[in-house]
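Here's the structure we're looking at; comments come further down.
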Amino acid sequence: MRCLFCNGTESKVIDSRSADDDTSIRRRRECTGCGRRFTTYETIEITPVLVVKSDGNRQSFDKGKIKRGIVKACEKRPVPIEKIDALADEIAKKVYNSMEQEISSKLIGEMVMDGLKELDEVAYVRYASVYRSFKDISSFMKELQRMMETKQSDKK
């Protein structure tokens, strides 16, 4: 493992422990060259899943991209980062557990919106406005009305 600070290749493990619900190992290391400490994570290598975009292009699934989208939607909202991480992890698990080598971006977007609807309604509307690319205010209002109707029926 290469040191972030001095680029040295020798380090010793100071501490190891499980992380992320026992799906990875967190290792605290100390560089033998400069003596500075850094953290590494060891995870299971996963078979790549390709995301099929609406234009037919394919790219590797990236949980980080999902998380960045959720963080952007939750900006300036009282949503703890732990809940954002949990939602991104849950979506990644669903994608990998589907056992499919390809998954549509529409399906992933729907998973994100379902999670955000439970997490924070404002974040949901923000994400939906970009994801569904509302053409005008009336299509935006239809989505808001659908949310209000669902909320009213849930209260009954």
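The values are calculated or read from the model by the stated rules, or taken from the named source; none is laboratory data. Everything numeric in this text was worked out from a predicted model, so none of it was measured. Cβ: placed from backbone, ideal geometry, glycine included. Neighbour counts: every protein chain shown. Calculation scope for accessible area: heavy atoms of the full protein, side chains included, ligands and nucleic acids excluded. Shrake-Rupley method; radii C 1.70, N 1.55, O 1.52, S 1.80 Å.
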Using a Förster distance of 30 Å, the FRET efficiency for A86-L144 (Cβ separation, nearest 0.05): 0.70
Contact order relative to length of the chain, as percent, for alpha carbon pairs under 8 angstrom and 6 or more apart: 15 percent
GluC sites (Glu not before Pro) restricted to DSSP loop in the stretch 67-116 with at most 11 other C-beta within 10 Å: E75
Long-range amide H partners of R36 with built H, under 5 Å: C31
Computed P(r) (all Cα pairs; the stretch 105-155; 5 Å bins; percent): 5, 20, 28, 28, 15, 4, 0
Solvent-accessible area of R29 with every protein chain in place, 1.4 Å probe, in Å² to the nearest 10: 40 Å²
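Test of understanding: express the Cα radius of gyration of the stretch 77-134 as a ratio to 2.2 N^0.38 Å, with N the residue count. Write down the numbers at each step before the final one.
Values: Rg = 12.0 Å, N = 58, 2.2 N^0.38 = 10.3 Å.
Output field value: 1.17.
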17 Å Cα cut-off, lysine pairs counted over the stretch 1-110 (separation 8 or more, or different chains): 22
Cα-based convex hull volume of the stretch 44-156 per residue, rounded to whole Å³: 122 Å³
Cβ-isolated cysteines (cut-off 4.7 Å), the chain: C74
Heavy-atom accessible surface of the chain: percent carbon and sulfur, 1.4 Å: 50 percent
Spacing of the two label points (7 Å from each Cα toward its C-beta) at T39 and R132, in nm: 3.8 nm
Spin-label pair K76/F5, simplified geometry with 7 Å Cα→Cβ offset, distance in nm: 3.8 nm
Rg and Dmax [Cα atoms of the stretch 1-71; Å; Rg one decimal, Dmax integer]: 16.9, 50
The chain: antiparallel DSSP beta bridges as a percent of all, rounded to 5: 85 percent
